[in-house]
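Here is the structure we will look at, set down as structure tokens.
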Amino acid sequence: MEVGIGLPNAVRGVDRAGIVEWARRAEAEGFASLGTLDRIVYPSYESLIVLAAAAAVTERIGLMTDILIAPLRPNTALFAKQAATIDALSGGRLTLGLAVGGRPDDYEVSEVDFRSRGQRFDRQLEQMTAIWNGDRGIGPTPARGARPGLLIGGHSDAAFRRAASYADGWTMGGGGPDALAGSMEKLNAAWSAAGRDGKPRTAALFYFALGDDAEQTAHDSLSEYYSFLGDIGKQIAAGAATDAATVKQYLAAFEAAGADEVICFPASANPEQVDRLADAAFG
């Protein structure tokens with residue numbers, strides 16, 4: 001199982017060091033990928049721009065949106081072009097984790113209808129596939145020829161269908177190892193129904209903060225980010241890994257559940273978190 005690390009693009013107070021220095025350290029420490037979270041109504045850094053910056057200062061590490069809310073990018077041709085550009089310039093390191101999201105306020109400020117986001121997403125996947133295949137005259141060509149890596153997020157039957165129809169697999173945007181294991185049956189069934197060979201790629205995530213005041217840091221950052229979820233947001237904050245033993249426990253449990261990659265997302269923008277996570281995960 002591969003271990004990635006999230007960029008702190010959605011942590012309040014993030015600055016250049018939290019993106020540029022973080023990316024350099026993550027590559028040096030041997031993490032498989034850099035992940036981003038996506039929100040509009042929040043003082044976060046935009047995911048694709050952040051990954052472009054990370055791509056410019058790294059050579060090997062993967063770049064993953066986990067997830068990007070695709071229907072909030074209503075100009076699908078431009079969105080596909082932006083993704084193909086990052087993929088080409090990074091040498092094929094981009095994996096798009098895409099989903100519909102669940103926050104009406106993000107849709108309201110984007111002037112996109114929240115209720116029809118699923119239908120919009122289906123159309124986007126069709127259009128982007130055609131663009132990346134070269135059927136619309138829109139370049140550049142993604143580095144691997146057909147398209148960037150693609151994972152679909154969400155827990156609905158439609159999400160598993162999209163993963164099987166368009167993507168390399170599925171990413172679980174929240175939940176523990178038991179939830180991942182419980183979703184594998186639906187994912188594999190959709191994969192078989194679509195006539196796909198092999199097995200779908202699966203990714204998962206958890207949150208962490210390590211070092212002094214780790215519990216307080218995780219509580220403050222994640223409780224604020226997930227405040228719209230009420231008590232569930234508090235549970236997410238309480239479930240963050242705040243010591244090395246818990247990091248190892250989570251990684252082992254996700255591997256046992258069948259994850260191909262786990263991205264550890266930070267609750268702090270201090271680049272020292274990269275080194276602390278590496279010690280916990282690989283030491």
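At-a-glance table
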quantity: Residue in the range 95-143 that is surrounded by the fewest Cβ atoms within 10 Å (Cβ to Cβ), counting only those that are farther than 30 Å from LEU229 by Cα and hydrophobic (A, V, I, L, M, F, W, C); calculated: ALA130
quantity: Filter result (surrounded by fewer than 22 Cβ atoms within 10 Å (Cβ to Cβ) and either at pLDDT 95 or above or farther than 23 Å from ALA70 by Cα (or both)) within the range 168-182; calculated: ASP168, GLY176, ASP178, ALA179, ALA181, GLY182
quantity: Residue tally, condition more than 20 Å from LEU222 (Cβ to Cβ), assigned to a helix (DSSP H, G or I) and touching a helix residue (DSSP H, G or I) at 6+ places or on another chain (Cβ under 8 Å), over the range 159-177; calculated: 7
quantity: First in the range 95-116 and touching a residue at least 24 places away in the same chain (Cβ under 8 Å) and closer than 19 Å to THR65 by Cα, second anywhere and buried (at least 16 other Cβ atoms within 10 Å of the Cβ) and charged (D, E, K, R), Cβ under 7 Å, 6 or more apart; calculated: GLY97/ASP66; VAL100/ARG117; ASP106/ARG39; TYR107/ARG117
quantity: Looking only at the range 24-52, and only at residues there that are of a type in the set (Phe, Trp, Tyr) and buried (at least 17 other Cβ atoms within 10 Å of the Cβ), the one that is nearest to ILE86 (Cα to Cα); calculated: TYR45
quantity: Members of the range 238-266 found to be farther than 22 Å from GLY30 by Cβ and buried (at least 20 other Cβ atoms within 10 Å of the Cβ), listed by number; calculated: ALA240, THR242, ALA257
quantity: Any hit, the range 256-271, residues being assigned to a helix (DSSP H, G or I) and within 21 Å of the chain's Cα centre (by Cα); calculated: yes
quantity: Residues (without any contact (Cβ under 8 Å) to a residue 40 or more places away in the chain and over 15 Å from GLY198 (Cβ atoms)) located in the range 148-171; calculated: HIS155, SER156, ASP157, PHE160, ARG161
quantity: Any hit, the range 135-143, residues being in contact with a Phe, Trp or Tyr (Cβ under 8 Å, 6 or more places away or on another chain) and of a type in the set (Lys, Arg); calculated: no
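The values are calculated or read from the model by the stated rules, or taken from the named source; none is laboratory data. A quick note: this is a predicted structure, and the numbers were derived from the prediction, not measured. FYI the Cβ positions are ideal-geometry reconstructions off the backbone, even for glycines, and counts take in every protein chain you see.
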